[in-house]
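Computed from the coordinates by the stated procedures, all read-outs in this text should not be read as laboratory data. This structure is a prediction, so every number in the text was calculated from the model and none was measured. Virtual Cβ from ideal backbone geometry, glycine too; neighbours counted across all protein chains shown.
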Amino acid sequence: MTIKDIVIIGGGPGGYVAAIHAAHLGASVAVVEKDRLGGNCLNRGCIPTKALVKSVEALLEARKANEFGIQVGNINVNFPKIMARKTNVVNKLASGVKQLMKAGNISVYKGIGRILSPQLVKVNDEEIATRKIIIATGSEPAPLPIPGSDLPGVLTTDDILELEELPESLVVIGGSYVGVEFAGIFNGLGTKVTIVEKLPTLLESIDEEISRRLAEILLGQGIEIRVGATVKAIKKEGTVLKVVGNTPEGEQQLAGQVVLMATGRQPYTAGLGLPQLGMKVDGRAIVVNERLETNIDGVYAVGDVLGKSMLAHVASYEGEIAVENALGRSRQADYRAVPSCIFTYPEIASVGITEKEAKDSGIPYKVSKFPFLACGRAVTMNETTGMVKMVCNAENGRVLGMHIMGPHASDLIAEGALAIQLGATASDIAHTIHAHPTLSEAVHETAMGQLEGSIHLQTVPRRART
């Protein structure tokens, strides 16, 4: 029997990246995947939703064409064509991952992997001998356990990506980034959308100021928002679903043709045989140390199955670390600079700590902001809503957090992530030449605001000391 250096269970962004990295380091690798390579992110998450986001962006651009001097005719939504494009994008990228597996001479097994021992994995009726194992089985939707959650028309975030017709109305249960993204997509396409969130605000994890501003923008876009609402049940009345919830104003019923359960995800470990192995878990999540090692020697775990930062880029990062440790190197996970991106209209991106977190921790801090309204490139694009906000240590100037709402926020946040990772200061950013005219100048101007002041933002000048 041939022995693999590493068997990876799960072919998502944690698993397939780990496999390719291991192959690059000269290891013999096998990947076990029960569904399609690429995992939830590529097939039912990040990629298909961003394909839909782009369709909505194209629609919004077409509607604003006259503002740019471009005359257009009738603008209509072809929902089946939008969904077909989404599927084509997914298939193209999934095919690319498959080719990468082939190029790396990585063996791919279709089925559910069960760990018989730290050196043996069973897939269907076949056993694979291995020196190390990496678990990267990801997560699954966590439905709300309420009456009516299994009614036709009550969809998970996986289900909604397979709709064949655009619903007239949609109730989104959950105001996290997933719920808010889907709300923006379907609202943009013409569906009447209501968001129901049990917490007092949407997107609780992001900067409070930006969260409040986004709520105002969503309301202006026609999205109805109910915060502080605890959903009790879903009822079917004729052709309509009604979401019943307790709100600060009393019990309310919110009607929709379709209901989306955007209530989060939970680690997926079914069929792995973890109890028999004696693996340490915390609820559904696998417990690991800073090297991504489980309590079973030679077995590692990465990504959503850890139940922590359920982000594709974190899973990929952890996959690389687990591989290096499995192959004899020594590397610890560092989560100081984990960017998060929310593809709303406008986009939101964040890295590091928020202003509130700095205040609560007692760190001496300084906040600076720069609006896209004062950024030349943003004005030429007619996308001036939002700002860049920077939180720095008031004593040494180090960047502690960056929070962006505005055009291409998901791209611009990389500068903040790099600054935090390298321990850079506001001066380091301010003294770096940024190309003109670009959106990145807003980051530069925000850094200048930590020093003597932003150039293109009117402020009261300081008096020179004599």
Here the cysteines of the chain without any disulfide-compatible Cβ partner under 4.7 Å are CYS341, CYS375, CYS392
Sorting GLN253, VAL89, ILE133 by the position of each Cα along the dipole of the chain (Lys, Arg +1; Asp, Glu -1; all at Cβ), the one nearest the positive end of that ordering is ILE133
With a Förster distance of 41 angstrom and the Cβ-Cβ distance between SER95 and ARG291, calculated FRET efficiency to the nearest 0.05 equals 0.75
Label model pair ALA255, ASN66: point-to-point distance (7 angstrom along the Cα→beta-carbon line) in nm is 3.3 nm
Here the FRET efficiency for GLN458 versus ASN88, based on Cβ atoms and R0 = 51 Å and rounded to 0.05, is 0.60
Scoring the chain by relative contact order with C-alpha pairs under 8 Å, at least six apart, yields a percentage of 13 percent
Rounded to the nearest 5, the percent of antiparallel DSSP beta bridges in the chain equals 60 percent
For region 328-339, Karplus-derived ³J(HN,Hα) couplings (6.51, -1.76, 1.60; θ = phi - 60°; whole Hz; x for glycine and proline) come out as x, 7, 9, 8, 9, 6, 10, 9, 5, 10, 9, x
Which of (1) 34, 29, 20; (2) 38, 31, 22; (3) 51, 26, 18 is the computed semi-axes √(5λ) of the Cα gyration tensor in Å? It is (2)
Looks like region 154-263, by Cα gyration tensor root eigenvalues a ≥ b ≥ c and the a/c under 1.5 rounded cutoff (else prolate when a/b is bigger than b/c, oblate otherwise), is oblate
Filtered hits (aspartates and glutamates, Cα-Cα < 14 Å from LYS198, offset >= 8 within chain) -> GLU249, GLU251
With -39,500 (n - 2.57) per DSSP H segment of 4 or more residues and division by the full residue count of the chain, the 222 nm estimate, nearest 500 deg cm²/dmol, is -9500 deg cm²/dmol
Descending packing, highest mean Cβ count within 10 Å first, for 107-115, 301-309, 8-16, 354-362 is 8-16, 301-309, 107-115, 354-362
Quick calc, the chain, dipole around Cα centre from Cβ unit charges on Lys, Arg (+) and Asp, Glu (-), nearest 20 debye, gives 380 debye
Within region 392-419, the residues whose backbone N lies under 17 Å from a label point placed 7 Å from the Cα of LEU199 along the Cα-to-Cβ direction are 403-404
Spelling it out for ILE8: with amide H atoms placed in the peptide plane at 1.01 Å from N, the residues 5 or more places away or on another chain with amide H under 5 Å from its amide H are ALA30, VAL31, VAL32, ILE134
Protection proxy (average C-beta count within 10 Å per residue), highest first, orders 199-207, 23-31 as 23-31, 199-207
Quick calc: nm separation of the 7 Å Cα→Cβ label points for LYS280 and GLU168 -> 5.6 nm
Expressed in angstrom and rounded, the centroid-to-centroid distance over alpha carbons for region 331-363 and region 376-422 is 11 Å
If the chain between LYS54 and LEU418 were fully extended at 0.36 nm per residue, the gain over the current Cα-Cα distance would be 128.4 nm
Given unit charges at Cβ for Lys, Arg (+) and Asp, Glu (-), the dipole magnitude of region 91-222 about its Cα centre in debye, nearest 20, is 780 debye
A correct fewest-to-most ranking of MET279, MET381 by other Cβ atoms within 10 Å would be MET381, MET279
From the cross-link list LYS86/LYS232; LYS50/LYS92; LYS92/LYS308; LYS50/LYS132; LYS81/LYS236, the entries with a Cα-Cα span beyond 25 Å are LYS86/LYS232; LYS92/LYS308; LYS50/LYS132; LYS81/LYS236
Residues whose modelled amide H sits under 5 Å from the amide H of LEU120, counting only those 5 or more places away in sequence or on another chain, are THR130
So LYS232 and ASN74, fully extended at 0.36 nm per residue minus their Cα-Cα distance, gain in nm 52.6 nm
Once phi for every residue in region 309-319 is put through the Karplus expression 6.51 cos²θ - 1.76 cosθ + 1.60 (θ = phi - 60°), the whole-Hz ³J(HN,Hα) values, with Gly and Pro written as x, are 7, 7, 10, 4, 5, 5, 4, 4, 4, 5, x
